[in-house]
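Engineer: Got a structure for you, written out below as structure tokens; questions coming shortly.
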């Protein structure tokens, strides 16, 4: 009996007492620990000290030889986890703006108050000492008041004080049952406090990851709104830009929008449906080479009030909603796709900088742009599929109930009853105001231009308007450009996207130099690329592009003109290497909204002066040999 001992094992989930004996081997003891904590044999490590020294290995030595006595405390760390909740993950590559702000002082410096300060010019007192960036009284007295401190100010608040953030941790919320619990059958047959996710009480988030959204110029937004003006249907697009410092708020971050990409979508006056986008990877690649990234998404919710004076209906307000539950879920989905890299989180990411912009009617019945994000709690509920919209009330969400297929933790929110008392309610239903963070959206007094072209190349995926991206559109665009500076001509996001993604002559592998020229505004690099064979090919295709006016050219003649153009490409000494991809799309893609070209058939009554060459084209491109 004297050999029986009890060893205490401390883990991140709590402490447990493990019965053992002095003569028990370390290997047998570790198997007991693994069974008690629900780990496999390689899923954890045990140390004699809290600082991860004196590791106990699986060996045949007895506990007495390892100098482990009755009542000793050992420390268990799961594999891959940090020993301290506040330990920094140095392997995480944070965004450039985060690295920059982390090095800044961030304090709010104040001048000496001539009435309250009684000290010399070099002294400091409570009336002029610098304030911390998270000082709530200072933020509340700004004009306008700031309800949410910046994310880096929040980090300074966590890592400040005497302990310097030793025990600070940024934990991502999880609504799923923890895996690896072997003490009971899996859900729905069993669950325990160790694997059960905690209940969630929704709170208004005190910080935000982005403090301001700024469009570089009005043209970006105006071109986006053109679709609604011409069709009456709503529109959605992705915002591409960069993150910079927002100096109006201590340690603030601004999302600057340089371009809007409109993916394939089905739109009506009351709905939007996103379609699969085959160009998504190419858009991300182009944006990265231009020094841009996807910073958010924008959608319209506009309804004309009076078409004579150009007013729109003011529908989103305190009496209805600012974001519907369905829009909050969509925003949470996008934010989960674009996580924010963070060294203070064990997972290497925390929250998101992805923003939501709504183009809707304002109090003055003019178009306003309102910016939002959803909270980290909303992101977790959306990620783990715990949040649903209400069919008949767009301003209300609904927390799912547990089912045999999924366990859903209880979700609560606090509100005041009719007597003014704080009361906790179950989030069935849930006001979505608890999930929303508002962000100021602005336009600069002095417009900025990442893309300096003054002409407008057609925007992608607007075929319903008759605006198509093809070489006829490119020829028209080039003919209308009055600038003699080549960089200004090609500095258009939608034009660059067309040059890379068109199927006639994609320049994905050879446009890098031009993208560098646009990124750095270097006319010399642009001129160097202009002299390349690729641009000569583009100019040749544009020069042979038929000039079509609706009702003046018959369809067979258009097909004939196209065939002759292709034959010219085949015979050109420079263009001959690009012949194979040069035929596939123009023959199957409309050259004009009023005309739809089909594949040329050899039995057509149309007579062609090309003769056998047309048959050769058909055999080469439509019946390829291996």
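Engineer: So if we plug the beta-carbon distance of residue 522 and residue 72 into 1/(1 + (r/R0)^6) with R0 = 56 Å, what FRET efficiency do we get, rounded to 0.05?
Structural biologist: Efficiency computed from Cβ-Cβ geometry: 0.25.
Engineer: For the pair residue 178 and residue 288, how long in nm is the line joining their label points, each one 7 Å along Cα→Cβ?
Structural biologist: Label at residue 178, label at residue 288, 3.6 nm between them.
Engineer: Please express the shape of region 4-78 as an equivalent ellipsoid: the semi-axes are the square roots of 5 times the eigenvalues of the C-alpha gyration tensor, given largest first in whole angstrom. Please list the in-between numbers first.
Structural biologist: Values: eigenvalues 55, 33, 31 Å².
Output for region 4-78: semi-axes of 17, 13, 12 Å.
Engineer: Next question, about the same structure. Ranked from highest to lowest mean number of other Cβ atoms within 10 Å per residue, what is the order of the peptides 15-22, 452-459, 184-191?
Structural biologist: Details: 15-22: 14.2, 452-459: 18.1, 184-191: 12.5.
In descending order of packing, they fall as 452-459, 15-22, 184-191.
Engineer: While we're here: Full-extension gain between residue 192 and residue 3, please, as 0.36 nm times their residue separation minus the C-alpha to C-alpha distance.
Structural biologist: Extra length from residue 192 to residue 3 when fully extended: 64.8 nm.
Engineer: Let me know the whole percent of all Cα-Cα pairs from region 463-544 that are separated by more than 23 Å.
Structural biologist: On the way: 499 of 3321 pairs.
That fraction is 15 percent.
Engineer: Between residue 482 and residue 508, what's the calculated FRET efficiency when r is the beta-carbon distance and R0 is 25 Å? Round to 0.05.
Structural biologist: That gives a FRET efficiency of 0.25.
Engineer: Taking R0 as 25 Å, what FRET efficiency do you get between residue 226 and residue 280 from their Cβ-Cβ distance, rounded to the nearest 0.05?
Structural biologist: 0.60
Engineer: Mind pulling the per residue volume of the convex hull built on the Cα atoms of region 1-160? Å³ is fine.
Structural biologist: Value for region 1-160: 210 Å³ per residue.
Engineer: Return, for the Cα atoms of region 318-410, the radius of gyration and Dmax in Å, separated by a comma.
Structural biologist: Values for region 318-410 (Cα only, Rg and Dmax): 15.5, 51 Å.
Engineer: As a test, work out the antiparallel percent of DSSP beta bridges whose residues both lie in region 208-274, rounded to the nearest 5.
Structural biologist: 75
Engineer: Per 0.36 nm of contour for each residue apart, how much would the distance between residue 118 and residue 305 grow if the chain were fully extended, relative to their Cα-Cα spacing?
Structural biologist: Values: separation 187, 0.36 × 187 = 67.32 nm, distance 6.05 nm.
Going from the current span to full extension adds 61.3 nm.
Engineer: Taking the mean number of other Cβ atoms within 10 Å as a proxy for protection, how do you rank 262-274, 325-337 from highest to lowest?
Structural biologist: Descending mean neighbour count gives 325-337, 262-274.
Engineer: In which sequence would 486, 498 go, from the one with the fewest C-beta neighbours within 10 Å to the one with the most?
Structural biologist: Listed from fewest to most nearby Cβ atoms, that is 486, 498.
Engineer: Given the C-alpha centroids of region 8-70 and region 283-338, what is the distance between them in whole angstrom?
Structural biologist: First find each Cα centre; the distance between them is then 54 Å.
Taken together, the values in this text are just the output of simple stated rules run on the coordinates, not laboratory data. Everything quoted here is computed from the prediction, not taken from an experiment. Positions of Cβ are generated from backbone atoms using ideal geometry, with glycine treated the same way; all protein chains shown enter the neighbour counts.
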